[in-house]
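Here is the structure we will look at.
The values are calculated or read from the model by the stated rules, or taken from the named source; none is laboratory data. Since the structure is predicted, the reported quantities are computational estimates derived from the model, not experimental observations. Cβ: placed from backbone, ideal geometry, glycine included. Neighbour counts: every protein chain shown. Note: areas computed on protein heavy atoms with side chains; ligands, DNA, RNA excluded. Shrake-Rupley method; radii C 1.70, N 1.55, O 1.52, S 1.80 Å.
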Amino acid sequence: DLEHPIDNDVYEELTPLLLSMENQKKEKEKNEQMRKEFSANVSHELKTPLTSISGYAEIMKSGLVKQEDVPGFAERIYKEASRLIVLVEDIIKLSKLDEGGVGLEKEKVDLYSICEDVLIRLENMANRHHVSMELSGEKVEYEGVYRVLDEMVWNLCENAVKYNKPGGHVHVWVGNTLSGPKIIVKDTGIGIPKEEQERIFERFYRVDKSHSKETGGTGLGLSIVKHGAVIHNIQIRTDSEVGKGTAITLSFSKGNSASATEEQ
Ligand code: ADP
C-alpha cells in the first residue's frame, strides 16, 4: 500500500511516459553498446593492415630479402596501405553521416545521371569480373546531397559487380512510381542468405569474410548506404536468393522529389 495512492487517471497518464523513458534508456544503452563495438572494430580493422605493413617493411630493412623479392614485398605494402586509405575514408564518411548530415548541402540532383555516372566509373571493374551492366528508366529530379547519393549508388552497384558471377549481369533502374522515385540495383550474383539480409547493413558485417577480403571490401559500404538513407528519408528493401541474385531498392519519399517541392 502506497502512502499516497496514485489515482487511476494519473496512473494512466504516467504509464506511457514511464514506458517511453524506459525505451529511451534502452535505446541509449544500445547506442552506447554499438559505439563501443564500432571502436573495437575500427581498432582491429586498422591494426591488421598496419601490422602487415610494418612487418614487411621490417623484413625489407633487415636486408635478408633477396633482390628479386623486393618488388613483391613492395607490392604487398602498397596493397595494404591502399586498403587502409579506403578504410579511413569510409570511416570519415560514416562519422559525417552519423552527425545527421550536418553541413551537407541539399541541392537539386538528377538520380538518373548519378546512376549513369557510377556505371561509367565501374566499367573497368565490371570488365575484370566479366559482368555486364545496363541502365534503364528515366530522369528523376530530387532534392538531396549529391555526394552522399552518389556514394550510396556507387556502393550498391560496386557490390552488385563484386558479388556477381562471371558472365553475370547488373541492371539498374531509376524512375518515378506512384509512391515516389525509386532506384533498383539488381544483380544475378551469389545472393544473400535470408538470415543475413538485415545484418549486412551493420558496420563491418560481411557474409563471407574471406571472400570479402579478397574483393577488397571494408564492410562499411552498406552502412554508409543505410546512414545516407536516414538523412534523406529513403526506405531500403532487400530481395535476395542465394545462388540467384539480389535486388536492392531505394524508395525515395515523394515529398522530397524536386518536382513535388516546386508544386507546393
Ligand atoms: P563490403 O565492403 O564487404 O562489400 P558492404 O557493407 O558493402 O561491405 O556489404 C556487406 C556484405 O554484404 C558484403 O561483405 C557481402 O557479404 C554482402 N553483400 C552486399 N551486397 C551484396 C550483393 N549484391 N550480393 C551478395 N552479397 C552482398
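Give the number of residues within region 129-155 that are touching a Ser or Thr at 6+ places or on another chain (Cβ under 8 Å), in a loop (DSSP other than H, G, I, E, B) and either modelled with pLDDT under 95 or of a type outside the set (A, V, I, L, M) (or both).
Of the residues in region 129-155, the ones touching a Ser or Thr at 6+ places or on another chain (Cβ under 8 Å) are 139-143.
Checking which are in a loop (DSSP other than H, G, I, E, B) leaves us with 139-140.
Checking the rest, the ones that are also either modelled with pLDDT under 95 or of a type outside the set (A, V, I, L, M) (or both) come to 139.
Here the count works out to 1.
Going by the conditions given, is W173 surrounded by fewer than 22 Cβ atoms within 10 Å (Cβ to Cβ) and closer than 20 Å to V230 by Cα?
Details: surrounded by fewer than 22 Cβ atoms within 10 Å (Cβ to Cβ): yes; closer than 20 Å to V230 by Cα: no.
Answer is no for this residue.
What tally of residues in region 79-109 results from selecting those that are within 27 Å of V174 (Cα to Cα), assigned to a helix (DSSP H, G or I) and open to solvent by less than 40 Å² (accessible area, probe 1.4 Å)?
Number satisfying all stated conditions: 3.
Suppose we filter region 180-202 for residues that are among the acidic types (D, E), more than 20 Å from G243 (Cβ to Cβ) and part of a strand (DSSP E or B); how many remain?
Matching residues across region 180-202 total 0.
What residue, among those in region 138-155 that are within 15 Å of the ligand (Cβ to nearest atom) and among the aliphatic types (A, V, I, L, M), is surrounded by the most Cβ atoms within 10 Å (Cβ to Cβ)?
If we take residues in region 138-155 being within 15 Å of the ligand (Cβ to nearest atom) and among the aliphatic types (A, V, I, L, M), then M152 is surrounded by the most Cβ atoms within 10 Å (Cβ to Cβ).
Please tell me if G255 is modelled with pLDDT of 90 or more and either in a helix (DSSP H, G or I) or farther than 21 Å from E141 by Cβ (or both). Spell out how you get there, then give the answer.
Details: modelled with pLDDT of 90 or more: no; either in a helix (DSSP H, G or I) or farther than 21 Å from E141 by Cβ (or both): yes.
No, not satisfied.
Could you tell me whether region 164-181 includes any residue that is without any contact (Cβ under 8 Å) to a residue 24 or more places away in the chain, near the ligand (Cβ under 10 Å from one of its atoms) and on the phi < 0 side of the Ramachandran plot?
no
Please tell me if A74 is open to solvent by less than 40 Å² (accessible area, probe 1.4 Å) and outside any strand (DSSP E or B).
On the way: open to solvent by less than 40 Å² (accessible area, probe 1.4 Å): no; outside any strand (DSSP E or B): yes.
So A74 does not fit the description; no.
Is it fair to say N31 is under 30 Å from T218 (Cβ atoms), at pLDDT below 85 and of a type in the set (S, T, N, Q)? So that I can check it myself, show each step before the final result.
Values: under 30 Å from T218 (Cβ atoms): yes; at pLDDT below 85: yes; of a type in the set (S, T, N, Q): yes.
When the stated conditions are applied, N31 passes them.
What single numbered condition from (1) within 15 Å of the ligand (Cβ to nearest atom); (2) surrounded by fewer than 18 Cβ atoms within 10 Å (Cβ to Cβ); (3) assigned to a helix (DSSP H, G or I) fails to hold for E158?
Condition not satisfied by E158: (2).
Can you pull out the residues in region 176-189 that are farther than 11 Å from S132 by Cα and surrounded by fewer than 22 Cβ atoms within 10 Å (Cβ to Cβ)? Spell out how you get there, then give the answer.
First pass over region 176-189, keeping only residues farther than 11 Å from S132 by Cα: 176-186, 189.
Correct list: N176, T177, L178, S179, G180, K182, I184, K186.
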